Amino acid sequence: MAPNVIPFPAQRSRVLIVEDHAAIRQMVGVLVKSMPEFEVIGQAGTLDEAKRLAGELRPDIVVLDWMFPGGDGGEFLAQLKLEARLTEVLVFSATASAHAVREALMGGAKGFVEKGASMTELTDAIRAVAAGRVYFSPTVARIVEELVRRQPADDQTLSEREREVLTYIGEGLPTREIAERLNVSMKTVNNVRSNIAAKTGHHSIAQLTMHAARLGLIPGPHDDPANLLAPAQPVAPRPSAPPAPGSQAASS
């Protein structure tokens, strides 16, 4: 291979951009297209269009604005959850209120970055979320930590196995890898996670990660924001889902 040549992965993670401002939507598209492990498969300017394209194109990752005329990103997240789609969502929004952050995390978003973030931070966030990790900009991390702190929970009720699983969740490991490390079935890991959720009141990956940080199982933003917000390792591309009949990908 020639020097200084960066090979493209055989299959790239497929990204849908949902943003009602055309200039920002195009800017994010240019950024994603500059990352060799990703491809932009669609862009949507409304929630209705976003829901349609998500169903047709089956993206691996969605970069989602939060506020739209007549609604917010929670409506889109609710559809993803209803359809049980294996899609990671990064919220990229000018709105970072406690309510918006809470609704996004309860809806299953893996990351939340403010629109004041640098292009480098947005790039890091996309890569982290694609790798199954959470990513919060510093302001959002403080909001999430406060939300978790206020959530009543009896930390002492977690068993040793539950703490092990919670640690691995906080480190961004997928269920399959957690099962392999513990030498148990994926069903067992899911059962343990359900027990953790019942005991702590935290259900999303982002909430569980922050709870793991609160218990000292992983570094948290109160220790060093760079630890929780560190860029993930290069993303292993996912197998592409076959496009639905009649779907149309965005031009690159």
Subset tally (residues that are of a type in the set (A, V, I, L, M, F, W, C), free of Cβ contacts under 8 Å to residues at least 12 places away in the same chain and under 25 Å from residue 150 (Cα atoms)) for region 180-221: 2
Some residue of region 156-165 being more than 22 Å from the chain's Cα centre (by Cα) and either modelled with pLDDT under 50 or crowded, with 19+ Cβ neighbours inside 10 Å (or both): yes
Number of the condition not met by residue 174 [criteria: (1) closer than 30 Å to residue 51 by Cβ; (2) assigned by TED's automatic domain parsing to the domain that holds residue 65; (3) in contact (Cβ under 8 Å) with a residue 24 or more places away in the chain]: (2)
Test: residue in region 89-111 that is buried (at least 16 other Cβ atoms within 10 Å of the Cβ), in contact with a Ser or Thr (Cβ under 8 Å, 6 or more places away or on another chain), of a type in the set (Asp, Glu) and more than 22 Å from residue 215 (Cβ to Cβ): no
Some residue of region 137-150 being over 17 Å from the mean Cα position of the chain (by Cα), without any contact (Cβ under 8 Å) to a residue 12 or more places away in the chain and part of a helix (DSSP H, G or I): yes
Members of region 25-52 found to be surrounded by fewer than 17 Cβ atoms within 10 Å (Cβ to Cβ) and over 23 Å from residue 117 (Cβ atoms), listed by number: 46, 48, 49, 52
Unique residue being over 24 Å from residue 148 (Cβ atoms) and either assigned by TED's automatic domain parsing to the domain that holds residue 174 or not β-branched (Val, Ile, Thr) (or both) when the list is 80, 86, 90: 86
The listed residue being crowded, with 18+ Cβ neighbours inside 10 Å and under 30 Å from residue 33 (Cα atoms), out of 126, 178: 126
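The values are calculated or read from the model by the stated rules, or taken from the named source; none is laboratory data. As the structure is a prediction and not an experimental result, all values here were calculated from the model. Here the Cβ is made from the backbone with ideal geometry for all residues, glycine too, and neighbour counts use every protein chain on show.
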